[in-house]
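Have a look at the structure below before the remarks.
The values are calculated or read from the model by the stated rules, or taken from the named source; none is laboratory data. Owing to the predicted nature of the structure, the values given are computational and were not obtained by experimental measurement. Every residue, glycine among them, receives a Cβ derived from its backbone with ideal geometry; neighbour counts consider all protein chains shown. With ligands, DNA and RNA removed, areas are computed over all heavy atoms of the protein, side chains included. Shrake-Rupley method; radii C 1.70, N 1.55, O 1.52, S 1.80 Å.
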Amino acid sequence: MAELATIARPYAEALFKAIAPNDAAAVSEQVNALAAVAGNEQVRQFADNPKVPPQQVFELVTAAAKAFLGDGAKNLLRTVIDNGRLAALPEIAAQFHALVNARSGVSDASVLSAFPIDAAQLQQVVASLEKRFGRKLKASVAVDPSLIGGIRVTVGDEVLDTSVKARLEQMKAVLSA
């Protein structure tokens, strides 16, 4: 996996430097759409076939992306295909997204909740998490009933687990020690 990250870094940095700061969000969505297509095993097998010309791979990926693609995203895709690096596109997208977030001072937060969270509750949770982590957060929410209650938040490599499941596991460890 480290090799893929090493391959992806120059592409992500070059795209980041080539776009205007106010276009970053749109280009990020476009690159994510391309990465979703490139993550498909059948697409990668098609692209790896030496009998298939690069232009045909480009047309397949752009058609399957079903999204408007700007010049930056198209140029990235052409370069990646020409260099035989289509498999690295999901990692390129992830690194590009991280660069965009770093420039804007925003971090992604993954919130796992035992129960669905409505918009008002999510705003309150995000506001308190922003105070806790000391930065702006863009939250994505998923429901995990195994938590029993509470939430588990992951921001980068930091984890805040206030779930009932985590507390029960802590109690188990204390009682069995």
(request) Please work out which one of (1) surrounded by 16 or more Cβ atoms within 10 Å (Cβ to Cβ); (2) within 21 Å of the chain's Cα centre (by Cα); (3) of a type in the set (A, V, I, L, M); (4) assigned to a helix (DSSP H, G or I) is the condition residue 64 fails and give its number. (result) (1)
(request) Might you check whether a residue that is assigned to a helix (DSSP H, G or I) and within 30 Å of residue 161 (Cβ to Cβ) occurs anywhere in segment 69-90? (result) yes
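May I ask you to verify whether residue 146 is closer than 19 Å to residue 167 by Cα, open to solvent by less than 80 Å² (accessible area, probe 1.4 Å), among the small types (Gly, Ala, Ser) and in contact with a Lys or Arg (Cβ under 8 Å, 6 or more places away or on another chain)? Spell out how you get there, then give the answer.
Working: closer than 19 Å to residue 167 by Cα: yes; open to solvent by less than 80 Å² (accessible area, probe 1.4 Å): yes; among the small types (Gly, Ala, Ser): yes; in contact with a Lys or Arg (Cβ under 8 Å, 6 or more places away or on another chain): yes.
Yes.
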(message) Looking at (1) farther than 30 Å from residue 163 by Cβ; (2) open to solvent by 60 Å² or more (accessible area, probe 1.4 Å); (3) of a type in the set (A, V, I, L, M, F, W, C); (4) not in a helix (DSSP H, G or I), which one does residue 46 not meet, given that it meets all the others?
(response) (4)
(message) For segment 1-42, give me the residue count where each residue is open to solvent by 70 Å² or more (accessible area, probe 1.4 Å) and within 9 Å of residue 96 (Cα to Cα).
(response) 2
(message) Consider segment 97-126. How many of its residues are open to solvent by 40 Å² or more (accessible area, probe 1.4 Å), of a type in the set (A, V, I, L, M, F, W, C) and under 21 Å from the mean Cα position of the chain (by Cα)?
(response) 5
(request) Name every residue in segment 49-61 that is open to solvent by less than 50 Å² (accessible area, probe 1.4 Å) and over 11 Å from residue 34 (Cβ atoms), in order of residue number. (result) 52, 57
